[in-house]
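Peer 1: What follows is a structure written as structure tokens; I'll ask about it next.
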Amino acid sequence: MALDLFSPIKVGSIALKNRIVMAPLTRNRAGEGNVPREMNVTYYEQRASAGLIITEATPISAMAHGYPATPGIHTEAQVAGWRKVVDAVHAKGGKIVLQLWHVGRISHPSLLPDNALPVAPSAIKPAGQAFTYQGLQDFVTPRALAAEEIPGVVAEYVQATRNALAAGFDGVEIHAANGYLLDQFLRDSTNKRTDIYGGDKVNRARLLLEVTQNVVAVAGADKVGVRISPLNPFNDISDSNPQDLFNHVARVLSPFGLAYLHVVEGGMGGSDLPPFDFVELRKNFSGPYIANLAYDKARANAAIAAGNVDLVAFGVPFIANPDLVERFARDAALNQADQSSFYGGTEKGYIDYPTLQG
Ligand code: 8OZ
């Protein structure tokens, strides 16, 4: 029988009951101190029938924050808050990994300790505005990280990984997508460095490689995934040769024996994107491949049956359908998502979407 979304699979050391992944989704509903709170526990627990839950992007340090009310993984209270989430998902038979996030230049002094400037590979201001507690504010020109500061950034990923393991997570996903710090180093519109972290693709991929090496050293490769978005222009980013760059990224990540590579196969926000062959990208990576972006059940099953992808991550459908797995199984209609309650707010549009059971 052909494989489909309901075929079990093991990604690294994590055994999954199906291939339906809950994509990482920023919801801006953490409590005081960026600590996961009761409604966050309920939200993830409601979605535990996913084969794998990837948490919302989670700042690894005080300098890694770029949005209001995102839950961190760098204080004791945050770890304790996440432990409640993990325990609730595990009690329902689910698996959950934490997404490690550093926003780099996609931030604002008002969100950072002592009104610090955001950090980045190069001092290039992104077009657009930051979401702050005071509303939208223009992005500022970030400060370029000195080469001597890079080990400290890597150490933040390592400590956050230790914290995630202490909270009981089944693994971690390194967020190297969507225009945040690691992606800012990867792509040549944002990385103009002249040291060993800039220049050719080998140098631009060096920080991601060092982060991966060090995170793998504490968690084990079989508990580590990496997310990339070769084409996504979100957060004012681009690359002059994405196929060459990301084939290289997949090739250097492959020997680690990671749990998975997770790929955003396009752009968030429809603009003209350069041509890109994701099947070719995938051939450079020997482990499990999670595809993401606007898949529905039919296209996901076709891609899995064709052997082009191993799992599919669903974002918006999981916001609106806590029981997405059961709805797919029964070919039931899906609830439509209310965009106005995606980012921030109350329990409304968060934990009140109805299940088929009512
Ligand atoms: C949408 C709004 C805020 C953050 C990402 C963490 O794109 C995000 C994000 C998405 O990875």
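The values are calculated or read from the model by the stated rules, or taken from the named source; none is laboratory data. Not measured: the values here are computed from a predicted model. Counting neighbours? That spans all protein chains shown, and the Cβs are built from the backbone with ideal geometry, glycine included. Ligands, DNA and RNA are stripped out before the accessible areas are found, and what is left, the full protein with its side chains, is counted by its heavy atoms. Shrake-Rupley method; radii C 1.70, N 1.55, O 1.52, S 1.80 Å.
Peer 1: How large is the helix-only mean residue ellipticity at 222 nm for the chain, computed as the sum of -39500 (n - 2.57) over DSSP H runs with n ≥ 4, divided by its residue count, in deg cm²/dmol to the nearest 500?
Peer 2: Dividing the helical sum by the residues of the chain leaves -8500 deg cm²/dmol.
Peer 1: So which chymotrypsin sites (Phe, Trp or Tyr not before Pro) in region 60-149 pass both tests, a DSSP loop state and at most 12 other Cβ atoms within 10 Å of the Cβ?
Peer 2: Here the sparse-neighbourhood loop sites are 133.
Peer 1: Could you give the distance between the Cα centres of region 89-157 and region 220-234, to the whole Å?
Peer 2: 17 Å
Peer 1: Can you give the convex hull volume of the alpha carbon atoms of region 251-358 per residue, in Å³?
Peer 2: That works out to 145 Å³ per residue.
Peer 1: How many percent of the accessible area of the chain is carbon or sulfur, using a 1.4 Å probe?
Peer 2: The C+S portion of the solvent-accessible surface of the chain is 53 percent.
Peer 1: Let me ask something else about it. Accessible area per residue for region 9-320 in Å², computed with a 1.4 Å probe and the full protein assembly in place, what is it?
Peer 2: Numbers: 10710 Å² over 312 residues.
I get 34 Å² per residue for this part.
Peer 1: Can you tell me the equivalent ellipsoid semi-axes for the chain? Use √(5λ) from the Cα gyration tensor, largest first, whole Å.
Peer 2: Computed over the chain, the values are 29, 24, 19 Å.
Peer 1: Mind checking region 141-246 for trypsin sites (Lys or Arg not before Pro) that DSSP puts in a loop (not H, G, I, E or B) and that have at most 13 other Cβ atoms within 10 Å?
Peer 2: 192
Peer 1: Relative contact order of region 9-320: what whole-number percent is it, with Cα pairs under 8 angstrom and at least 6 residues apart?
Peer 2: Reported as a whole number, the value is 17 percent.
Peer 1: Only Cα pairs within less than 10 Å get springs; with that Gaussian network setup on the chain, which residue of 262, 65, 90 has the largest fluctuation?
Peer 2: 90
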